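Taking it in order: structure first as structure tokens, then the write-up.
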Amino acid sequence: MVSANKEMVVFCFDTLVAHYNSEEAPPAAFDQGQHPLFVTWKKVINGGEPRLRGCIGTLEARCLINGFRDYALTSALRDRRFPPIQANELPFLECTVSILTDYETANHYLDWEIEKHGIIIEFSDPDSNTRRNATYLPEVAANEGWTKTEAIDSLIRKAGYNGPIIESLRKQLRLTRYQSTLFTMHYSEYVSYVKETRGEAPILEAKSHNY
């Protein structure tokens, strides 16, 4: 099984730096493979708790190199919950890559473990009869300090449902649980790694960027 690793995070940082510089990123230093994956960007200010700046991925298996290239930029620039990450935020960023594994259909909406499992919910909106779905990665519920029910209710809202959340709605959820491997690196660690392996630090061109 392929596990998330340092080279994948380096590639995500490389991709974002190359985007700001309008150039090609260096080639990836990990094997292709096909897996579901996510890229998460957080911002760390004055040593405080990292704050989410973007998190997007795919629950379908994708070529890892193309997937990390696409989602490094999509999560940084096109997560609708946040304004696009600007070049001057780079020094404060932390990047986490996740590779998803071990998909299992749960027996009911509480049939999963906090920290161990990520969860996908699917349900029919009782108000509009549209199908809705959403996911949280395994670390989210623990990071937020949620109970399982609180995580489920938050996920129902994330899926776009605005009506009352009652037990009968929770019971009709189709829940898939999964596990993941992840690797996290701060921009300063990325810079040190690039200096060590390539002989010079990544350079951000001094341009004005508005994305």
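Against the conditions (1) farther than 19 Å from THR58 by Cα; (2) open to solvent by less than 40 Å² (accessible area, probe 1.4 Å); (3) in contact (Cβ under 8 Å) with a residue 40 or more places away in the chain, where does HIS108 fall short? Just the number, please.
HIS108 satisfies every listed condition except (2).
Please work out if TYR161 is open to solvent by less than 30 Å² (accessible area, probe 1.4 Å), more than 20 Å from the chain's Cα centre (by Cα) and touching a residue at least 24 places away in the same chain (Cβ under 8 Å).
Taking the combined requirement at face value, the residue satisfies it.
Just to be sure I understand, how many residues within the stretch 166-187 are part of a loop (DSSP other than H, G, I, E, B) and either in contact (Cβ under 8 Å) with a residue 60 or more places away in the chain or surrounded by 15 or more Cβ atoms within 10 Å (Cβ to Cβ) (or both)?
Residues flagged as part of a loop (DSSP other than H, G, I, E, B) and either in contact (Cβ under 8 Å) with a residue 60 or more places away in the chain or surrounded by 15 or more Cβ atoms within 10 Å (Cβ to Cβ) (or both) within the stretch 166-187 amount to 1.
Which residues, taken from the stretch 20-68, are among the hydroxyl-bearing types (Ser, Thr, Tyr) and either outside any strand (DSSP E or B) or out of contact with any helix residue (DSSP H, G or I) (no Cβ under 8 Å at 6 or more places or on another chain) (or both)?
Scanning the stretch 20-68 gives TYR20, SER22.
Could you check the stretch 15-28 and list, in sequence order, the residues that are over 12 Å from LEU204 (Cβ atoms) and either of a type in the set (S, T, N, Q) or open to solvent by less than 70 Å² (accessible area, probe 1.4 Å) (or both)?
THR15, ALA25, PRO26, ALA28, listed by residue number.
Would it be correct to say that TYR71 is within 24 Å of SER188 (Cα to Cα) and either charged (D, E, K, R) or outside any strand (DSSP E or B) (or both)?
Judged against the criteria, TYR71 is a match.
Checking the condition among the basic types (Lys, Arg) and crowded, with 17+ Cβ neighbours inside 10 Å, which residue from LYS42, LYS6 passes?
Going through LYS42, LYS6 in turn, the sole match is LYS42.
The values are calculated or read from the model by the stated rules, or taken from the named source; none is laboratory data. None of the values given here were measured: they were computed from a predicted structure. As a convention, Cβ positions derive from the backbone with ideal geometry for all residues, glycine included, and neighbour counts pool all protein chains shown. Ligands, DNA and RNA are stripped out before the accessible areas are found, and what is left, the full protein with its side chains, is counted by its heavy atoms. Shrake-Rupley method; radii C 1.70, N 1.55, O 1.52, S 1.80 Å.
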